[in-house]
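Report on one structure; see the data block that follows.
FYI, it's all coordinate maths here, none of it is from the lab. What you see is a predicted model, and the numbers here were worked out from it, not measured in a lab. Please note: Cβ atoms are built from the backbone with ideal geometry, for glycine as well, and neighbour counts cover all protein chains shown.
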Amino acid sequence: MRDLSRRDLLKATAVGAGAVALPVMMAGGSSAIAADDLGASSSATYPPATLTGRIVRPQSPDYASASLGWDELFVHYPLVIVFAQETRDVVNALTWARQNDVALRVRSGRHSLEGWSNVDNGIVIDVSELKGAHIDTGSRTARVGAGLNQLEAVTALGEYDLAATTGTEGSVGLSGATLGGGFGFLTRYLGMACDNLIGVEIVVASGADGAEVLKVDPWNHPDLLWALRGAGNGNFGIVTSLTYKVAPLKSVAYLQATWEGLDDLHGVFDRWQRSAPFADPRLGSQLEVHKNEILLFGVLAEGSEAEARKLLEPVLSVGNPEVTVQIGGWGDTYAGFQIPTEDEPANWKFFSQFTSEPFPEKAISIIRAFMEDAPSDDSNFFTQAFGTGAQRKEPFGGAAFPHRDALFYSEPGAGWGTRGEPDSGDAVTPIAQTWIAEFSQALRPYVNGAYVNVPNIGMAEWETAYWGRNFDRLRKIKAKYDPHNVFQYEQSIPPATH
Ligand SMILES: Cc1cc2nc3c(=O)[nH]c(=O)nc-3n(C[C@H](O)[C@H](O)[C@H](O)COP(=O)(O)OP(=O)(O)OC[C@H]3O[C@@H](n4cnc5c(N)ncnc54)[C@H](O)[C@@H]3O)c2cc1C
């Protein structure tokens, strides 16, 4: 095989070649290895690889900041971090890791809630500097580098009055959120983030010790696209670019309501769970219960203030909330409700749950009791309405994300400690951990299923909680694309054995 330039590579992957083996020319520059439909045979070996890209090692002055994740509860000491500048850096890093028998993790926005995008003594292959964005207004598609965070993606699309679903926190990686599902204010309107995903470029393991680039779309490796829509986090390969179908969105009405204290909790929660999931699908909403207040957030796509107030009237008519509504572009609105990372607590613990039946009074009393006893002011019980929205329908080709008939998603979450002060939260850590464990356990009779993007450590049968009946198919797809189980971590998908 001749040495491919970057342009050749893009051309080759863009015309539907399906698989391009890139082991040799970037590693040692010597001989070539033939690629079949899925690259080299599983016993083929590759010439020795060298790391390329921006490389940070323990001796580097920026090692600590290059290693630290968003959740400072988890600290790791990797052997090396590779910040890829282009796809071939990822190919080299994966090949190098395999040839040197070094544990590897994939990282984008660093928000893994169990610290699983980093690893002691291993290599972190970080795609966060792959920031390209190509927005095609004619075909209403956007191809973006895997390093964009959600705020960057929403802002780039917003400049063209376009949108795709993302999660709510701007600093979260678009890759990590989408590959695990991805829900937010636009979920009921446009489906899950992964439902909007129509193609990816991904670097997978190839042969006995190499790597190759695959172009994945509904016609090339459709089984892998299905798997990447909800089970793609660090399981099958390293995604380097994502292509989304995007939708026009000119403006939104953004409503915020605050109830002081928790005395109205029963009324607010019950009205919300019985109305918001069944409202006009243009309405996305979140309810947040804090220690001393209840917050409601609603986004109505292409809606007026009067419409937003009317749709949420069943909830707003409880007690005497303070209500504000802003009308604006989605990009500006989204940027406006972001909290700077430095203002957030250092340590976090969450537990994810889906619910298909309304919570009875008893469950709402449990929420009130636990919130009154929360370990910090930054703790909350968070919900996101699902119900009769667009997420009920799977995209063309299907998706591994299974929780289509959820009424709402919820999670107890605790935040504590001060950023930049490593031990500042230590006294609270055991209290917060226990509170989360007991809170989620108390709600167990009322919930079913969990969200892989907010992983529940120690949960029995996490496989079916995340993916339901799709788990068996995921294991088969894993065996096809990663037979040597190169991509593995605490709750990764094991390859099928038969
Ligand atoms: C404050 C906060 C708010 C959140 N809000 C929401 C929300 O509103 N909606 C929602 O759906 N989720 C939400 N989440 C969960 C979020 O979607 C996950 O934490 C997500 O996996 C983070 O992705 P990341 O790229 O930032 O993290 P990383 O730590 O970089 O990666 C997370 C996982 O994805 C894998 N991964 C990352 N990039 C790639 C890639 N390019 N190829 C293959 N695997 C990759 C990693 O290996 C790891 O397993 C929230 C999380 C936090 C911390």
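Of all residues in segment 129-165, those satisfying the criterion of being over 24 Å from Thr187 (Cβ atoms) and out of contact with any helix residue (DSSP H, G or I) (no Cβ under 9 Å at 6 or more places or on another chain) are Glu129, Gly132, His134, Gly138. For segment 153-185, the set of residues classified as surrounded by fewer than 18 Cβ atoms within 10 Å (Cβ to Cβ) and either more than 9 Å from the ligand (Cβ to nearest atom) or aliphatic (A, V, I, L, M) (or both) consists of Glu159, Tyr160, Asp161, listed by residue number. Could you please let me know if Ser251 is among the small types (Gly, Ala, Ser), out of contact with any helix residue (DSSP H, G or I) (no Cβ under 7 Å at 6 or more places or on another chain) and over 27 Å from Gln488 (Cα atoms)? When the stated conditions are applied, Ser251 passes them.
Scanning segment 85-121 for residues that are more than 14 Å from the ligand (Cβ to nearest atom) and among the hydrophobic types (A, V, I, L, M, F, W, C) yields Trp96, Val102. Of all residues in segment 104-138, those being over 27 Å from Phe351 (Cα atoms), surrounded by fewer than 21 Cβ atoms within 10 Å (Cβ to Cβ) and touching a strand residue (DSSP E or B) at 6+ places or on another chain (Cβ under 9 Å) number 9. The number of residues in segment 383-412 that are assigned to a helix (DSSP H, G or I) and closer than 20 Å to Arg469 by Cβ comes to 2. Against the conditions (1) under 16 Å from the mean Cα position of the chain (by Cα); (2) surrounded by 22 or more Cβ atoms within 10 Å (Cβ to Cβ); (3) more than 12 Å from the ligand (Cβ to nearest atom), Glu212 satisfies every one except (1). Can you tell me which of Phe278, Phe382, Phe359 is among the aromatic types (Phe, Trp, Tyr) and in contact with a Pro (Cβ under 9 Å, 6 or more places away or on another chain)? The unique qualifying residue is Phe382. Total residues in segment 354-375 satisfying the condition of being polar (S, T, N, Q) and surrounded by 18 or more Cβ atoms within 10 Å (Cβ to Cβ): the figure is 1. Out of Asp136, Asp195, Asp217, Asp223, which single residue is among the charged types (D, E, K, R), over 15 Å from the mean Cα position of the chain (by Cα) and under 26 Å from Ala406 (Cβ atoms)? Of Asp136, Asp195, Asp217, Asp223, the one residue that is among the charged types (D, E, K, R), over 15 Å from the mean Cα position of the chain (by Cα) and under 26 Å from Ala406 (Cβ atoms) is Asp223.
Counting only residues that are farther than 13 Å from Leu51 by Cα and aliphatic (A, V, I, L, M), which one in segment 69-101 is surrounded by the most Cβ atoms within 10 Å (Cβ to Cβ)? Ranking the candidates gives Leu73 first. Taking the listed residues Val200, Val144, the one that is under 23 Å from Ile477 (Cα atoms), of a type in the set (Val, Ile, Thr) and either within 15 Å of the ligand (Cβ to nearest atom) or surrounded by fewer than 18 Cβ atoms within 10 Å (Cβ to Cβ) (or both) is Val200, with no other qualifying. Of the helices (runs of 4 or more DSSP H) entirely within segment 265-334, none holds at least 1 residues that are within 23 Å of the chain's Cα centre (by Cα).
Counting only residues that are aliphatic (A, V, I, L, M), away from the ligand (no atom under 16 Å from the Cβ) and in contact (Cβ under 8 Å) with a residue 60 or more places away in the chain, segment 438-483 holds 3 of them.
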